[in-house]
Each structure stands twice: as C-alpha cells, then as structure tokens.
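Note sheet for the following structure.
The values are calculated or read from the model by the stated rules, or taken from the named source; none is laboratory data. None of these values were measured; they are calculated from a predicted model. Positions of Cβ are backbone-derived with ideal geometry, glycine not excepted, and every protein chain shown enters the neighbour counts.
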Amino acid sequence: MKVLTNFDYEIQYRPGKENIVANAISRPPIEEVIKTLTLVTNSIMEQVIAACTDDKEAQALREILSNEDTSKESCYHQYQLKDNAIYYKDRLYIPNNQDLQRTILFECHDAPTAGHLGFDKCYEVISQNFYWPRMAD
C-alpha cells in the first residue's frame with residue numbers, strides 16, 4: 001500500500017458488466033465448466049439409469065424406444081436408447097427425480113470448479129449435456 005502513495009491516481013468504480021477484464025480474470029472459462037460437468041455425467045450415469053427404472057414416464061419411454069421404429073415420422077424420433085440410458089437430442093435424459101436434478105444443478109453452480117455461473121450460463125451448460133421435462137422452470 002505504501003508504494004501506491006508515490007503515484008497520482010484516481011479509483012473509479014465500474015459495474016461488473018462494464019469491467020470485462022475483471023470478469024475474465026475472476027471466472028473460469030466456460031470450457032472448463034463443461035469438462036467438469038461431463039466428468040460428473042460419467043460418475044452419475046448409474047444413478048440416472050437406476051432413477052429411470054423407478055420413474056413411470058422413463059419406463060414407458062424406454063419401452064417405446066425398445067419396440068418402436070424411431071424414424072422421422074415417429075414423435076419419438078429425437079429420443080434414443082444408448083448404453084441402457086435414454087437420450088433426447090443427444091443429451092442425457094434425466095427422469096423426474098429432484099435429487100438427481102439438484103445434484104446436476106449443484107455441480108454446475110455450487111461446486112468449487114463451477115465458478116457460480118448466472119442462470120443463463122448455468123442453464124446453457126446443463127442443457128448441452130442433460131435434458132429433463134420442464135427443465136427451464
């Protein structure tokens with residue numbers, strides 16, 4: 001602090017949106033968050049599959065995907081069954097299980113590596129990897 005007294009300077013407040021340099025330094029790159037979330041996806045895959053077996057909607061969807069042709073004419077053509085998990089538009093389908101959804105939200109927003117992204121960026125990151133009905137609510 002003593003060194004600063006030798007200089008003539010003025011401190012000006014800049015709101016976070018205007019102070020781009022500070023935001024860039026204080027927030028992790030979005031790619032790092034995506035990598036972290038992808039690792040989480042791998043670690044919770046068994047939980048997702050187990051939750052799907054307990055969820056009636058997911059069971060019905062799995063049954064339809066196992067038995068029906070999911071060509072473009074089908075209303076289920078954007079779903080697929082892959083490695084015993086359901087995907088919607090290449091995103092992992094999360095059943096109506098609030099504990100599992102909270103875990104995913106925690107990993108995106110509250111985990112030390114997440115950087116406390118705002119709603120829009122957190123939603124963007126999660127929606128690139130996961131899908132559940134009424135996700136934006």
| field | Near pairs, Cβ below 8 angstrom, 6+ apart or cross-chain, from the range 92-109 (hydrophobic (A, V, I, L, M, F, W, C)) to any residue that is assigned to a loop (DSSP other than H, G, I, E, B) and surrounded by 15 or more Cβ atoms within 10 Å (Cβ to Cβ) | value | 94/132; 100/94; 104/94; 108/114; 108/117
| said: I'd like to check which helices (runs of 4 or more DSSP H) are fully inside the range 53-135 and have at least 3 residues that are of a type in the set (Val, Ile, Thr) and modelled with pLDDT of 85 or more. | reply: none
